[in-house]
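What follows is calculated from the coordinates using simple rules that are stated; it is not laboratory data. Just so it is clear, the model here is predicted, and its values are computed rather than measured. Because the Cβ atoms are built from the backbone with ideal geometry, glycine has one as well, and the counts that use them run over all protein chains shown.
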Amino acid sequence: MAKALSIGKPIDNRLIENLFKKAPFAFYLSADKAYLVSSDDELTQLDFGPLTEISALTALQQFGVTALERVKEKTAVRL
């Protein structure tokens, strides 16, 4: 991405989706699908029940970049 930015290419949806395809992290949905969570550990499972993993790209497509930013900042966001 740094190369694309350094030569003045615009940041568009395609570039963002390609970055999310390669993301080394995932997101998680609560059992009732009411919350999007950034980590799957014992504490989050106590709060939200069993979590279902979804890829970063799927999360981006379903919830948008603003929701993902909030999840990364706060650990969990009500959908």
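Go ahead and set up a Gaussian network model of the chain, Cα springs under 10 Å, then flag whichever of Ala59, Ala26, Ala34 fluctuates most.
Looking only at Ala59, Ala26, Ala34, the largest GNM fluctuation is found for Ala34.
Given that just one value was derived from the coordinates, which of (1) 13.0, 37; (2) 14.2, 47; (3) 16.5, 59 is Rg and Dmax of the Cα atoms in Å?
(2)
Contact order normalised by length for the chain, with contacts defined as Cα pairs under 8 Å and 6 or more residues apart; what percent is it?
It rounds to 31 percent for the chain.
How many Lys pairs in the chain lie less than 19 angstrom apart by Cα atoms, where the lysines are 8 or more positions apart or on different chains?
Lysine pairs, 8 or more places apart or on different chains, close enough: 6.
Taking 7 Å along the Cα-to-C-beta vector as the label spot, tell me the Phe25-Gln45 distance in nanometres, rounded to one decimal.
Reported label-point gap for Phe25 and Gln45 is 2.1 nm.
Counting Lys and Arg as +1 and Asp and Glu as -1, each charge on the Cβ, what is the dipole of the chain about the Cα centre in debye, to the nearest 20?
With only Lys, Arg, Asp and Glu charged at Cβ, the dipole is about 500 debye.
Could you give the angle, 0 to 90 degrees to the nearest 10, between helix 56-74's Cα long axis and the longest principal axis of the Cα atoms of the chain?
Tilt relative to the chain: about 70 degrees.
What residue among Asp32, Asp12, Asp40 shows peak mean-square fluctuation when the chain is described by a Gaussian network model with Cα springs under 10 Å?
Asp12
Based on DSSP H runs of at least 4 residues, each adding -39500 (n - 2.57), what is the mean residue ellipticity at 222 nm of the chain after dividing by all its residues, to the nearest 500 deg cm²/dmol?
Rounded to the nearest 500, it is -15000 deg cm²/dmol.
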